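The structure appears below as structure tokens.
The values are calculated or read from the model by the stated rules, or taken from the named source; none is laboratory data. Small disclaimer: the values here were computed from a predicted structure and weren't measured. Note that each Cβ is placed from the backbone with ideal geometry, even for glycine, and that neighbours are counted across all protein chains shown. These area figures cover heavy atoms from the full protein model, side chains too; ligands, DNA and RNA do not enter into them. Shrake-Rupley method; radii C 1.70, N 1.55, O 1.52, S 1.80 Å.
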Amino acid sequence: MLKRKSLVLILVVLLTISLITACGQKTEAPAPKEEVKSEPVKAKDITLIVPNSPGKGMDTYARMIAPYIEKHYPGAKIIVKNIVGAGGVVGTNQLWHSKPDGLTFAFTSFPSVLLADLSEAEGVQFKATEFTYLGRAATEPRVFAVGGKSEFNTIEDLAKAGRPIKFPSQGMDEDFFAAAVMAKALGFQLNQITGYEGNADTALAVIKGEGDGHITALSDALPMIKAGDKKPILMFSPERVKDFPDVPTALEITSGEAQDFMKVLTNMIVAHRCFFGPPGMDPEVTTEFRAAITKALADPELLEKAAKANSEIVPMDGDKLQATVDEIAASAQKIIGPMKQALADIK
Amino acid sequence: MLTASWHGLLALFDPTSILFMSIGVLFGVVIGILPGLGGIAAMALILPFSLSLEPVAALAMLLGAHVATIFGSSITSILFNIPGASKSIALCFDGYPMTQRGEGARALGAAAMASLIGGLIGAIFLTLTLPIMKAIMMALGPPEYFIMALWGLSVIAIFSSGSLLKGLTAAGFGLLLSFVGMDPVSGTARFTFGSLFLLDGFDFAVVVIGLFAVSEMIKLYITGGSIVKAQTTSEMGSVWIGVRDVFIHWKLVVRSSLLGLFIGALPGVGASIGGIAAYGMAAQTSKNKETFGTGNVEGVIAPEATNAANEGGGLVPTLGFGIPGGESMAILLSAFIVMGITPGRDMLENHMDIVFSIVWIIVVANVITTIGGLLLAKHLVKVTTLPSSVLIPVLLPICLVGAYAIKGRIKDVIVVVVFGIIGYIMDKYKYSRADMAIGMVLGLMLERYMHISIKLYGNLFFLTRPVTLILFLVVLGTIFYPFIRGYIANKRNADESGVQ
């Protein structure tokens with residue numbers, strides 16, 4: 001009988017562990033805060049919505065930065081909440097409907113939010129440019145790379161190929177639209193092969209020569225470029241990248257309507273990983289919040305931690321970010337046409 | 001080469017490395033036991049603790065946790081029909097019937113030993129064949145993945161012995177379910193009825209917990225008694241019988257391990273398919289084909305060996321190009337970067353000792369897990385003799401919490417219950433749940449790679465690419481061989497009787 005009791009005990013322990021794991025989904029505590037705060041300002045619980053899966057890049061950034069916002073925002077206690085689903089739409093919808101009282105904000109990739117809105121993706125209830133933008137944590141150039149053994153060496157070569165360029169892609173993300181517009185502007189035929197599972201799969205397809213080229217974050221492609229497995233032929237960034245002075249940017253080689261598109265795209269990439277709140281936030285709270293984020297992103301302790309984790313911090317103040325977004329809002333209508341065209345081409 | 005291997009081993013036999021590996025293994029077994037959570041969750045949870053360690057100790061802890069989850073998930077698959085991770089689903093097919101027969105310890109023993117040998121063979125062949133594996137990986141692409149998925153579907157014939165029509169119905173239902181959500185090719189929403197929850201599709205791990213575990217609880221509640229229906233002789237003896245089984249079927253172990261290594265080396269072919277493919281291969285080549293699905297120990301050995309060897313295979317694209325061979329390898333990759341190691345050519349040329357350390361870690365972690373598993377098996381099996389009135393109240397919440405823990409969505413708990421009821425009904429009316437699971441896991445892969453292949457190589461891609469054509473013929477051969485063999489045997493019998 002005693003044995004049976006101990007067995008039951010083991011099962012109960014297991015159950016407890018699983019409960020803890022499940023709860024860990026949400027309450028995984030950020031690093032302990034420093035104790036004594038000089039004055040007990042109005043304590044408030046602030047929810048940080050991360051519409052991406054726990055443990056992935058965006059989530060890692062959010063959880064790394066959150067404790068530092070707490071540190072520089074008196075009285076704030078930030079709870080990171082992963083609300084996943086429909087490629088980030090579920091979490092972003094939730095932010096759109098939350099009260100603009102400064103107690104809820106979000107952190108994710110600006111391009112995905114904007115494109116979900118512009119392409120009228122399933123279930124979108126928000127207007128991407130109407131959120132209150134609070135600050136950017138990081139951005140990095142994106143690169144159009146071809147395989148190391150590819151016959152192409154410059155972006156102009158693609159037009160001379162005399163055959164459709166095979167472009168493996170994951171689906172309707174910013175890279176997909178960028179490639180479609182680029183092909184129109186430079187006059188090369190494009191065969192977008194959608195359906196690859198992720199960035200690793202498209203990278204491998206390009207290295208193997210199954211596809212001609214793909215667009216990815218520069219940091220992802222860098223080791224492969226160094227090893228000679230990939231060749232960069234175009235950058236999506238406001239200026240040429242220091243390490244690759246010979247590789248032109250998308251803005252340089254386009255003109256007219258295509259350049260308008262590339263401007264929006266480049267701005268989108270500039271805004272990349274950012275914090276934003278619901279539309280119509282109180283100006284005073286917004287200023288306070290932006291200042292806290294700016295201070296947090298300049299904290300030397302955070303910068304050291306980020307450098308160690310290879311998650312670089314490239315901050316931009318909330319005001320400046322808001323201006324960038326407003327610029328995008330003014331010209332966003334122009335890119336809807338090319339986007340719809342690109343979508344129609346693959347269906 | 002040999003000196004590098006030796007240095008790699010020496011670096012591992014540092015007390016701290018062994019200590020952290022043991023911690024990792026222990027943690028991995030526990031995570032593996034929890035339904036739905038597998039190697040990915042284990043590595044993601046333990047990653048923050050490993051970053052401050054020495055590279056070898058950190059890798060030992062991470063990989064130790066990852067390797068141990070395989071056996072951890074097999075334990076619950078075999079004893080309770082609860083797949084601890086979606087890749088151990090094939091263990092339920094024969095492992096659980098063995099437990100019901102009172103041979104749970106034998107199944108656990110066989111699984112532990114198969115895991116050990118599979119891991120060893122995987123690691124050894126990985127070392128020997130790293131350059132060749134890289135070439136194979138480069139040669140195969142989406143058209144070949146498509147053919148492999150097609151071959152996987154042929155496994156449904158095994159579970160359809162009662163009625164082929166019922167088997168096909170179940171598999172069709174599984175395929176249909178896999179299409180719920182966003183179409184991977186054009187981004188169109190399918191069968192979602194405007195629900196954002198359904199837009200992400202059904203999570204395979206969640207459905208499987210419902211289909212196998214929850215439905216089993218319902219059945220147990222209705223029939224009463226305990227999981228074990230008949231008790232066999234001395235249990236400790238049974239563990240060793242299981243170990244012996246592995247050596248009796250050593251050819252099967254070698255074949256399954258190589259299959260696992262091969263599948264692991266192909267990014268884009270998921271680990272859940274590895275176990276199912278190994279199971280199908282075992283059934284098609286076995287002498288006792290008809291006992292598969294009713295508790296044949298070969299059905300436990302093959303998927304377990306494949307899963308263990310799979311890990312080594314996953315290292316090929318990770319080490320060779322710095323491209324993760326799966327989600328768990330993506331976590332390993334981020335750990336590398338923090339340590340200042342760049343996977344890819346640089347690693348293969350300048351950090352060969354670390355490469356060998358990794359291979360050795362897999363070997364040693366497997367040994368630790370197996371020894372622990374063999375010693376524990378005797379005690380674990382006793383749990384299955386508990387009456388249902390004790391088991392159900394404990395196991396059912398674990399299943400529900402597990403379903404929630406996978407993505408942290410409460411609606412997944414509803415999904416798990418609904419599929420529990422569906423699973424119970426299917427089982428009652430003899431529609432194979434295994435067929436449904438196979439249809440579901442292969443559906444997206446078939447669809448994805450068929451579309452990509454057509455776009456890359458045209459509509460007749462399976463005829464125009466030589467490698468694809470050969471594979472396609474092999475698949476056709478394995479599907480029709482039993483029929484042809486049966487036909488010839490019949491004819492010969494008819495001829496002989498005609499002569500007489």
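Can you tally the net charge around A:GLY318? Count Lys and Arg as +1, Asp and Glu as -1, for every other residue whose Cβ sits under 10 Å from the Cβ of A:GLY318. Once all neighbours under 10 Å are counted, the net charge is +1. Each label point was placed 7 Å from the Cα along the Cα-to-Cβ direction; for A:LYS242 and B:LEU473 their separation is 5.8 nm. In this calculation the C-beta distance from B:LYS229 to A:LYS160 is compared with R0 = 60 Å, giving a FRET efficiency of 0.25. Of the chymotrypsin sites (Phe, Trp or Tyr not before Pro) found in the stretch B:252-348, no site is in coil according to DSSP while having at most 13 other Cβ atoms within 10 Å of its Cβ. In percent, rounded to a whole number, the relative contact order of chain B is 27, using alpha-carbon pairs under 8 Å and six or more apart.
Look at the stretch B:316-324: the mean tally of other chain Cβ atoms within 10 Å of its residues' Cβ atoms is 5. Accessible surface for A:THR287 stands near 90 Å², nearest 10, in the context of the full protein assembly shown (1.4 Å probe). Listed by chain and number, the lysines whose alpha-carbon sits under 18 Å from that of B:LYS378, ignoring those within fewer than 8 places in the same chain, are A:LYS3, A:LYS5, B:LYS229. Within the same chain, lysines fewer than 8 places from A:LYS99 are excluded, and of the rest, those with a Cα less than 16 Å from its Cα are A:LYS44, A:LYS127. Solvent-accessible surface (1.4 Å probe) assigned to B:THR294 amounts to roughly 80 Å². Once the Cβ-Cβ distance of A:ILE336 and A:ASN153 is raised to the sixth power relative to R0 = 30 Å, the FRET efficiency obtained is 0.35.
Starting from the Cα of B:ILE484, move 7 Å in the Cα-to-Cβ direction to define the label point; list residues of the stretch B:275-299 whose amide nitrogen is under 13 Å from there. In the stretch B:275-299, the label zone of B:ILE484 (backbone N under 13 Å from the point 7 Å along Cα→Cβ) covers no residue.
By the Cα gyration tensor, chain A has an equivalent ellipsoid whose semi-axes, rounded to whole angstrom, run 39, 26, 20 from largest to smallest.
Tell me, what is the percent relative contact order of the stretch A:142-268, built from C-alpha pairs under 8 Å that lie six or more residues apart? Here the relative contact order equals 35 percent.
A 20 angstrom limit on the alpha carbon distance is what I want to check against. Which of A:LYS56/A:LYS305; A:LYS149/A:LYS226; A:LYS230/B:LYS134; A:LYS81/B:LYS411; B:LYS87/B:LYS134 exceed it? Beyond 20 Å between Cα atoms: B:LYS87/B:LYS134. One decimal place: the segment A:GLU304-A:GLN189 gains 36.8 nm when fully extended, by the rule 0.36 nm per residue minus the C-alpha distance.
Evaluated with a Cβ-only charge set (Lys, Arg +1; Asp, Glu -1), chain A carries a dipole of roughly 1200 debye about its Cα centre, given to the nearest 20. Anisotropy class assigned to chain B is rounded, per the alpha carbon gyration tensor with a/c under the 1.5 cut-off.
Contact-buried residues of the stretch B:136-157, at a threshold of 20 Å² lost accessible area versus the chain by itself: B:MET137, B:MET138, B:PRO142 (1.4 Å probe; DNA, RNA and ligands ignored). For chain A, the residue among A:PHE289, A:ALA227, A:LEU190 whose Cα projects farthest onto the positive side of the dipole built from Cβ charges is A:ALA227. About its Cα centre, the protein assembly as shown has a charge dipole of approximately 2440 debye under the convention of +1 per Lys or Arg Cβ and -1 per Asp or Glu Cβ, with nothing else charged. Qualifying trypsin sites (Lys or Arg not before Pro) in the stretch B:203-305, where qualification requires a DSSP coil assignment and no more than 16 other C-beta atoms within 10 Å, comprise B:LYS229, B:LYS287. If you bin all the Cα-Cα distances of the stretch A:142-268 at 5 Å, starting from zero, the percentages per bin are 2, 12, 23, 26, 23, 12, 2, 0. Inter-chain Cβ neighbour count for B:402-410, averaged per residue, equals 5 (cutoff 10 Å, partner chain atoms only).
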